[in-house]
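Undergrad: Sharing a structure, written as structure tokens. Questions coming.
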Amino acid sequence: MKSTWISLLLGLGLVGCATPPAPDVTTHRDALTGLRTDLLSDNLLEAGESPRELLWLNASRVYQSANQYDYYLEVTYMAREEVGLLEIPPGSTLTLLIDGEAVTLSGSGSVNQPKAAKSGVVQEMAIYKASKLLLQKLSIAQTVRVVVKGQNGLVERDFSAGNIGNFQRFVTRYAL
């Protein structure tokens, strides 16, 4: 009986220490057009303890017609209200250092995107058109550094093994 309780407690302890589930790769269909969007979301880039701001780099495949689609990278920035928005302008504001090779992407910035503010937190998002080859490079890279330039500063983050795994799952399903 005692060994059963010990096993049960040990098992519950291990469940509590389990890593959080990987971000989902989901598919959404537009009710009117029937066109779909495949999305890797919640790909948070690690920032260490007590970060000033959080940064996500997500990916999507958006159908334009039944046979044609485009790929995008989406940067989401979140910070405490006192830190403020990054204010990502239009232009070349996203740089990816993939195994030492710099790839700079241009987007429309967060200017035309709605900015969320709730309970002391601000958030903005910027979208960048990407190529299938770029997504494939991200999925097989050894190191990836993400650099986002805004009017109010610069944020840099490195991919963890989990981030690379997230891109591997996305590329395997949608970009081979």
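The values are calculated or read from the model by the stated rules, or taken from the named source; none is laboratory data. These numbers come from a predicted model, not from an experiment. When we count neighbours, we look across all protein chains shown, and the Cβ atoms used for this are built from the backbone with ideal geometry, even at glycine.
Undergrad: How many residues, within the stretch 25-62, are out of contact with any strand residue (DSSP E or B) (no Cβ under 8 Å at 6 or more places or on another chain) and surrounded by 13 or more Cβ atoms within 10 Å (Cβ to Cβ)? Walk me through how you get there before you give the answer.
TA: Taking the stretch 25-62 as the starting set, the residues that turn out to be out of contact with any strand residue (DSSP E or B) (no Cβ under 8 Å at 6 or more places or on another chain) are 31-34, 48-51.
Pick out the ones that are also surrounded by 13 or more Cβ atoms within 10 Å (Cβ to Cβ) and you get 51.
Of the residues in the stretch 25-62, 1 are out of contact with any strand residue (DSSP E or B) (no Cβ under 8 Å at 6 or more places or on another chain) and surrounded by 13 or more Cβ atoms within 10 Å (Cβ to Cβ).
Undergrad: Okay, next question. Sort out which residues of the stretch 20-43 are in contact with a Phe, Trp or Tyr (Cβ under 8 Å, 6 or more places away or on another chain), assigned to a strand (DSSP E or B) and within 18 Å of Y128 (Cβ to Cβ), and write them in order of number.
TA: Residues satisfying the conditions are T37, D38, L40.
Undergrad: A further question on this structure: So which residues in the stretch 122-176 are of a type in the set (S, T, N, Q), within 15 Å of G109 (Cα to Cα) and surrounded by fewer than 15 Cβ atoms within 10 Å (Cβ to Cβ), if there are any at all? If you could, list the steps in order and put the result at the bottom.
TA: Start the filter on the stretch 122-176 by keeping residues that are of a type in the set (S, T, N, Q), which leaves 123, 131, 136, 139, 142-143, 151-152, 160, 163, 166, 168, 172.
Now drop any that are not within 15 Å of G109 (Cα to Cα), which leaves 123, 151-152.
Q151, N152, listed by residue number.
Undergrad: Would you check if there is a residue in the stretch 130-144 being modelled with pLDDT of 95 or more, in a strand (DSSP E or B) and not hydrophobic (A, V, I, L, M, F, W, C)? Can you show your working first?
TA: Within the stretch 130-144, the subset modelled with pLDDT of 95 or more is 130-144.
Checking the rest, the ones that are also in a strand (DSSP E or B) come to 130, 144.
From what is left, the residues that are not hydrophobic (A, V, I, L, M, F, W, C) are none.
So far as the stretch 130-144 goes, no, none of its residues is modelled with pLDDT of 95 or more, in a strand (DSSP E or B) and not hydrophobic (A, V, I, L, M, F, W, C).
Undergrad: For the stretch 137-176, name all the residues that are over 12 Å from L55 (Cβ atoms), touching an Asp or Glu at 6+ places or on another chain (Cβ under 9 Å) and of a type in the set (D, E, K, R).
TA: Those that are over 12 Å from L55 (Cβ atoms), touching an Asp or Glu at 6+ places or on another chain (Cβ under 9 Å) and of a type in the set (D, E, K, R): K137, R173.
Undergrad: Consider T104 against the criteria (1) free of Cβ contacts under 8 Å to residues at least 24 places away in the same chain; (2) crowded, with 20+ Cβ neighbours inside 10 Å; (3) closer than 13 Å to L73 by Cβ: it satisfies all of them except one. Which criterion is unmet?
TA: Checking T104 against (1) free of Cβ contacts under 8 Å to residues at least 24 places away in the same chain; (2) crowded, with 20+ Cβ neighbours inside 10 Å; (3) closer than 13 Å to L73 by Cβ, the one that fails is (2).
Undergrad: Give the residues of the stretch 88-112 that are modelled with pLDDT under 95 and either among the β-branched types (V, I, T) or over 17 Å from the mean Cα position of the chain (by Cα) (or both), sorted by residue number.
TA: Within the stretch 88-112, S108, V111, N112 meet the criteria.
Undergrad: Among the residues of the stretch 1-19, write down those that are within 30 Å of D158 (Cα to Cα), hydrophobic (A, V, I, L, M, F, W, C) and either modelled with pLDDT of 80 or more or outside any loop (DSSP other than H, G, I, E, B) (or both).
TA: Result: L14, V15.
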